[in-house]
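Student: My questions all concern the structure below.
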Amino acid sequence: GTLLISKIREEFPDRMMATFSVVPSPKVSDTVVEPYNATLSVHQLVENSDETFCIDNEALYDICHRTLKLNNPSYGDLNHLVSAVMSGVTTCLRFPGQLNSDLRKLAVNMVPFPRL
């Protein structure tokens with residue numbers, strides 16, 4: 001994914017880029033390399049993305065358990081939850097309004113320290 005982001009940044013350097021990343025959790029993951037992949041991709045996200053929305057994998061499972069009352073959520077359930085988050089964040093870009101009408105205004109209002 002990070003190679004694709006860097007290539008898009010090279011082609012369109014003046015465009016704003018927002019990404020959504022699911023951060024792994026040791027409680028719900030059985031794959032050993034997930035933390036390494038997440039750690040190694042952070043540098044590329046900082047360099048090539050203007051906004052990155054990090055979604056905690058453990059929090060997704062907790063929401064499915066506590067709120068949606070799903071004992072064993074499938075990937076489809078988790079993807080539906082993430083798509084609802086993405087839809088909510090980008091609503092101001094898809095519908096007319098005065099607040100956060102484009103990605104730059106959204107970044108100005110949501111990112112207090114851009115290079116932190």
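Student: Which residue pairs have Cβ atoms closer than 7 Å, lie 6 or more positions apart in sequence or on different chains, and pair a first residue in the range 87-116 that is free of Cβ contacts under 8 Å to residues at least 40 places away in the same chain with a second residue that is part of a loop (DSSP other than H, G, I, E, B)?
Tutor: As it stands, the answer is CYS92/LEU99; CYS92/ASN100; CYS92/SER101; LEU93/ASP102; ASN109/ASN100, since those pairs meet every condition given.
Student: If you don't mind, there's one more thing I want to ask. Consider SER21 against the criteria (1) part of a strand (DSSP E or B); (2) at positive phi: it satisfies all of them except one. Which criterion is unmet?
Tutor: Going through the list (1) part of a strand (DSSP E or B); (2) at positive phi, SER21 breaks only (2).
Student: Another one. Specify the residue that is nearest to CYS92 (Cα to Cα); the eligible residues are those in the range 24-47 that are in contact with an Asp or Glu (Cβ under 9 Å, 6 or more places away or on another chain) and surrounded by 15 or more Cβ atoms within 10 Å (Cβ to Cβ).
Tutor: PRO24
Student: If you don't mind, there's one more thing I want to ask. Output yes when any residue across the range 4-17 is surrounded by 14 or more Cβ atoms within 10 Å (Cβ to Cβ) and assigned to a strand (DSSP E or B), and no when none is.
Tutor: Looking through the range 4-17, none of the residues is surrounded by 14 or more Cβ atoms within 10 Å (Cβ to Cβ) and assigned to a strand (DSSP E or B).
Student: Taking the range 67-116 only, how many residues are part of a loop (DSSP other than H, G, I, E, B) and small (Gly, Ala, Ser)?
Tutor: Looking only at the range 67-116, we keep the residues that are part of a loop (DSSP other than H, G, I, E, B), and these are 67-74, 90, 95-102, 111-116.
Applying the additional criterion that residues be small (Gly, Ala, Ser) yields 74, 97, 101.
Residues in the range 67-116 being part of a loop (DSSP other than H, G, I, E, B) and small (Gly, Ala, Ser): 3 in total.
Student: Right, VAL22: modelled with pLDDT under 90 and among the aliphatic types (A, V, I, L, M) or not? Don't jump to the end; show me each part of the working.
Tutor: Numbers: modelled with pLDDT under 90: no; among the aliphatic types (A, V, I, L, M): yes.
It is false that VAL22 is modelled with pLDDT under 90 and among the aliphatic types (A, V, I, L, M).
The values are calculated or read from the model by the stated rules, or taken from the named source; none is laboratory data. Predicted, not measured: the structure shown is a model, and the values here were computed from it. We place every Cβ from the backbone using ideal geometry, glycine too, and count neighbours over all the protein chains shown.
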